[in-house]
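The values are calculated or read from the model by the stated rules, or taken from the named source; none is laboratory data. Since this is a predicted model, take the numbers as computed values, not measurements. Note that we place each Cβ from the backbone using ideal geometry, even for glycine, and neighbour counts take in every protein chain shown. In case anyone asks, the SASA skips ligands and DNA or RNA and just uses the protein heavy atoms, side chains included. Shrake-Rupley method; radii C 1.70, N 1.55, O 1.52, S 1.80 Å.
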Amino acid sequence: MSAPVRIGILFGGPSAEHDVSCASALGVARALAGGGYRIVAIGVTRAGGLRLVPDAALSGFLAGTASERAIDDRLTVIGPAVELRAGPRSGTAVVTGMDAPGAVHAELDVVFPVLHGPFGEDGVVQGVLESLGVPYVGCGILASAVGMDKVAMKRALRAEGVPITPHVSFDATTYRTTEDPEKLVLGLRRPLFVKPARMGSSIGISRVAEGDDLGAAIEEALRHDTVVVVEQGVSGRELECGVLGGTRPDASAVGEVRVSGGWFDYRQKYFGDTDPMVVPAPLPREVTERIRELSVRAFAAIGGWGLARVDFLYDEVAGELYVNELNTMPGFTAHSMYPKVWAAAGVDYREILDRLVALAFARHAERPGGGGER
């Protein structure tokens, strides 16, 4: 009988999506526990430090006797401060104590960075893991960075002929030196969606209709980033599709988000009283297949690997589809669309994770110098 795969689950982080990451990681850890995996949970505090979740506390989380809120609240006190180092064997990493660097708490065969937003989903952590030479789940440095940056993402999609909505982007200096912010969005029709360029989970996003204060919306976006993207709103349906795989990825079923107030904001996404997601989305077959085809093309455009959720806007009247954005580490909470669209395609939560871990090892093995014994 082979030894269980030792998988380090990174969660938390200094971004505004810290709480969402805790919820996602709890779902991932519970699904992977047992069945050939040994879970090592490593929390990233809001200050950016690493804390190892002790086995006793982890058992409570995995058994369902503690929630992701408890993980977050106790992250800075439940375990020792640690750091990640390259392991003694090729393709591994070790978790060592900060107070006693020679003390190895755990050895890892693969890392699953269940981190959302800046410093987790934008290529930063991926770069650290690359430097350690350890396999890890999800997109690499470049795809993560492009997927996180809405300006770079739109450029990549446009270059590959993937349809996107009309938009403009500008930095804080440009905004501060412009007397009238309306001049920055000339040519765009309201409603507008004003967004930080590098943020997720609908944080910092404002919908600006006729009569609304554009400047206030830009100021809110600038609280989270120094670059702002303003998109022309599309009157239509919000649709989402999952991508899973490597060089020949698969696309899931298509889901629809039905929301109140005109768009899917942070409150509805994570704390709504009702489930706004309809899976599979009631669509003509040709529209569903077009969405699936565009999802794979968008994934390839950013150089994706492992997984992504591709979000669409569908103008039924005009018959037009637009890729709104890609999320390279979509939520894995009970409310999340990514597991739901794959379940509708016949791939359950656990199988998604098994495939992602296998893809992490496959990518590592294909690289020069990769594929060391586990």
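Conditions (1) assigned to a helix (DSSP H, G or I); (2) under 24 Å from the mean Cα position of the chain (by Cα); (3) of a type in the set (Phe, Trp, Tyr), marked per residue:
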site: Leu188; (1), (2), (3): no, no, no
site: Val194; (1), (2), (3): no, yes, no
site: Arg198; (1), (2), (3): no, yes, no
site: Arg207; (1), (2), (3): no, yes, no
site: Asp212; (1), (2), (3): no, no, no
site: Glu220; (1), (2), (3): yes, yes, no
site: Val230; (1), (2), (3): no, yes, no
site: Val243; (1), (2), (3): no, yes, no
site: Arg248; (1), (2), (3): no, yes, no
Q: Find all pairs meeting these conditions: Cβ atoms under 7 angstrom apart; at least six residues apart or on different chains; first residue within the stretch 286-297 and at negative phi and among the aliphatic types (A, V, I, L, M); second residue surrounded by fewer than 20 Cβ atoms within 10 Å (Cβ to Cβ) and at pLDDT below 95.
A: none
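Tally time: how many residues in the stretch 82-92 are out of contact with any helix residue (DSSP H, G or I) (no Cβ under 9 Å at 6 or more places or on another chain) and open to solvent by 40 Å² or more (accessible area, probe 1.4 Å)?
Pass one, the stretch 82-92, residues out of contact with any helix residue (DSSP H, G or I) (no Cβ under 9 Å at 6 or more places or on another chain): 82-83, 88-90.
Filter once more, keeping what is open to solvent by 40 Å² or more (accessible area, probe 1.4 Å): 83, 88-90.
Total satisfying the criteria: 4.
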Q.
Yes or no: the stretch 305-326 includes at least one residue that is at pLDDT 95 or above, over 23 Å from Met199 (Cβ atoms), among the basic types (Lys, Arg) and open to solvent by 10 Å² or more (accessible area, probe 1.4 Å).
A. no
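Could you identify the single residue in Val194, Val230 that is touching a Ser or Thr at 6+ places or on another chain (Cβ under 7 Å), of a type in the set (Val, Ile, Thr) and more than 23 Å from Leu115 (Cα to Cα)? Talk me through it step by step, then tell me what you get.
Numbers: Val230 fails: touching a Ser or Thr at 6+ places or on another chain (Cβ under 7 Å).
Every option except Val194 fails the conditions.
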Q: Return the only residue of Gly91, Gly97, Gly117 being under 24 Å from Thr247 (Cα atoms) and not acidic (Asp, Glu).
A: Gly91
Q: Go through (1) closer than 20 Å to Ala145 by Cα; (2) touching a helix residue (DSSP H, G or I) at 6+ places or on another chain (Cβ under 7 Å) one by one and return the number of the condition Thr178 breaks.
A: (1)
Q) Residues in the stretch 12-34: is at least one surrounded by 17 or more Cβ atoms within 10 Å (Cβ to Cβ), at positive phi and either modelled with pLDDT of 90 or more or not aliphatic (A, V, I, L, M) (or both)? A) yes
Q: Go through the stretch 327-361 and count every residue that is part of a helix (DSSP H, G or I), aliphatic (A, V, I, L, M) and open to solvent by 20 Å² or more (accessible area, probe 1.4 Å).
A: 4
